[in-house]
Amino acid sequence: MRAALFDMDRTLVRKETASLYVRYQRSIGEATRADALRVLYWVAQYTVGIIDAPEIAARALTSLAGTPEVQLTARCDDWFRRYVEPHVCDEGRRAVERHREQGDLLAIVTGASAYTARPLARRLEIPHVVATELEVDDGGCFTGKFVAPLCIGAGKVERARSLAQTLGFALEEATFYSDSFTDLPLLELVANPVVVNPDPRLARVARKRRWRVERW
């Protein structure tokens, strides 16, 4: 069995979903302009590779403590419909369909939370999601912490390998589409790395290694 793995932000979706989510929060009165600027700053740091992802995630998630899981699930469905779906790439949709026709297993593999990735997976009929998991207490509410590892860098490889072992495919024979230098560990591991809308550092690596580069 072969697998096709897709990053979400700036790959299947043209935008950073964290920025789109804080815009949604502002529209429903849950975030301020300062909150939006803070998220944009974190996204910029992530893009240039100078962010401490676990520290930022820990800070960002504190506001979720005590929120019911079902509430975030419903909000993410509404957010996806209003703010994300218009930015889903047509070329990304076509790539997913090509792999589906070839009989490949399909999965989104993203550093974002599973709650933000699942609406996209449903829309594109992608059955599997590998994402950052958030801790939920016995009462069904978020604790404000994430479940290690974050689905970034080596953590993304670890979580993708867990999916491969569960479903019985070889990660080393898979195709992986991504835009980000932070995904280099997984891009280096798979048989077919495909670089989509790459950030500057990944673009340099792709040129040097003659990886396929696409613009969606």
* To do: Quick one: VAL129 ticks every box in (1) over 25 Å from GLN71 (Cβ atoms); (2) touching a helix residue (DSSP H, G or I) at 6+ places or on another chain (Cβ under 9 Å); (3) free of Cβ contacts under 8 Å to residues at least 60 places away in the same chain except a single one, so which number is it?
  => (1)
* What is the number of the single condition among (1) of a type in the set (D, E, K, R); (2) more than 15 Å from TYR21 (Cβ to Cβ); (3) buried (at least 18 other Cβ atoms within 10 Å of the Cβ) that ARG94 does not meet? -> (3)
* All but one of (1) touching a residue at least 60 places away in the same chain (Cβ under 8 Å); (2) more than 22 Å from LEU171 (Cβ to Cβ) hold for ALA112, so report the exception by its number. => (2)
* Structure fact -> Taking region 143-183 and keeping residues within 19 Å of ALA206 (Cβ to Cβ), in contact with a strand residue (DSSP E or B) (Cβ under 9 Å, 6 or more places away or on another chain) and touching a residue at least 60 places away in the same chain (Cβ under 8 Å) leaves GLY153, ALA174, THR175, PHE176, TYR177, SER178, ASP179, SER180, THR182, ASP183
* **Residue list for region 97-106, restricted to those being in contact (Cβ under 8 Å) with a residue 60 or more places away in the chain and either surrounded by fewer than 13 Cβ atoms within 10 Å (Cβ to Cβ) or within 13 Å of THR11 (Cβ to Cβ) (or both)** => GLN102, GLY103
* Please go through region 93-142 and pick out each residue that is of a type in the set (A, V, I, L, M, F, W, C), within 16 Å of VAL196 (Cβ to Cβ) and part of a helix (DSSP H, G or I). => ALA95, VAL96, LEU120, LEU124
* **Subset of region 62-83 (residues that are part of a loop (DSSP other than H, G, I, E, B) and surrounded by 13 or more Cβ atoms within 10 Å (Cβ to Cβ))** => ALA65, THR67
* **Residue among GLY139, GLY111, GLY155 that alone is farther than 28 Å from LYS208 by Cβ and either crowded, with 18+ Cβ neighbours inside 10 Å or at pLDDT 95 or above (or both)** => GLY139
* To do: Would you point out the residue of region 161-216, among those that are under 23 Å from MET1 (Cβ atoms) and among the charged types (D, E, K, R), that is surrounded by the fewest Cβ atoms within 10 Å (Cβ to Cβ)?
  => GLU172
* Considering ARG59, ARG75, which residue is over 24 Å from ALA170 (Cα atoms), more than 17 Å from the chain's Cα centre (by Cα) and modelled with pLDDT under 80? -> ARG59
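The values are calculated or read from the model by the stated rules, or taken from the named source; none is laboratory data. This one's a predicted model, so the numbers in the text were calculated from it and none came from an experiment. FYI the Cβ positions are ideal-geometry reconstructions off the backbone, even for glycines, and counts take in every protein chain you see.
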